[in-house]
Amino acid sequence: MSTAQQQLTLSEPDRKNAVSTDGLLSGDLLACIGRTSAPRTEIASRREIRKYSIATGWKKKEYLDGDEAPPLFHLALFWDMVELDKLTPDGVSIDELLPKFPLEKAMAGGLSIDYFRPIMAEDVLVATRTLTNIYEKSGSQGPIIFYEVLMRVETAAGELVLTEKTTRLLR
């Protein structure tokens, strides 16, 4: 079994945070912590690397030649491609990994990426996403729900390429 297929466990601080302070988070909602997406496979083609490098202004020869992908190349690589009528009003595709939350106005809360090796041309990459935490805090304008998703990207052979932790806030 590759490391992407292994079930993630919550650290002790995450378990302590996975509690509702104002009652918005039900037991059923909190039970979704640990839910993992099906692995998604994409190829880092030389052409896509070149296009991304040009569009984002990266000047390094390896990037412009399409030999190696610049930082953040993976972000759009694993986005869902859906018809326009499948988008939410703010233009985002519906994330099947996430449960239905009682608050819906989403905001970015943070992004942390750890790179373990560069993405090279023609790498076959496999991404698996896991909902690792849901917690609630009280803000000056009312309750805020936080959720965290960890994405692991590996080669088809199981070599870890990067991990990405995304935090979102819901008001």
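The values are calculated or read from the model by the stated rules, or taken from the named source; none is laboratory data. All figures in this text were calculated on a predicted structure; none of them were measured in a lab. FYI the Cβ positions are ideal-geometry reconstructions off the backbone, even for glycines, and counts take in every protein chain you see. Accessible surface is based on the protein model in full, side chains and every heavy atom, while ligands, DNA and RNA are left aside. Shrake-Rupley method; radii C 1.70, N 1.55, O 1.52, S 1.80 Å.
What the table below lists for this structure:
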| quantity | calculated |
| --- | --- |
| Rounded tilt (10° steps) of 46-56 against the dominant C-alpha axis of the chain | 70 degrees |
| For Leu111, net neighbour charge (Lys/Arg +1, Asp/Glu -1) across residues whose Cβ lies under 14 Å away | 0 |
| Where labels lie 7 Å past Cα in the beta-carbon direction, separation of Arg40 and Glu122 in nm | 2.5 nm |
| Computed accessible area, Glu68, all protein chains, 1.4 angstrom probe, square angstrom | 40 Å² |
| The chain: Rg to Rh, with Rh as the Kirkwood radius over Cα pairs | 1.01 |
| Eligible lysines near Lys59 by straight Cα distance, threshold 22 Å, same-chain separation 8 or greater | Lys51 |
| Over the chain: helical MRE at 222 nm, DSSP H runs n ≥ 4 each giving -39500 (n - 2.57), nearest 500 | -3500 deg cm²/dmol |
| Cross-link partners of Lys86 among lysines (Cα-Cα below 17 Å; sequence separation of 8 or more within a chain) | Lys100 |
| Length gained when the stretch Leu72-Asp114 is fully extended (0.36 nm per residue, less Cα-Cα span) | 14.0 nm |
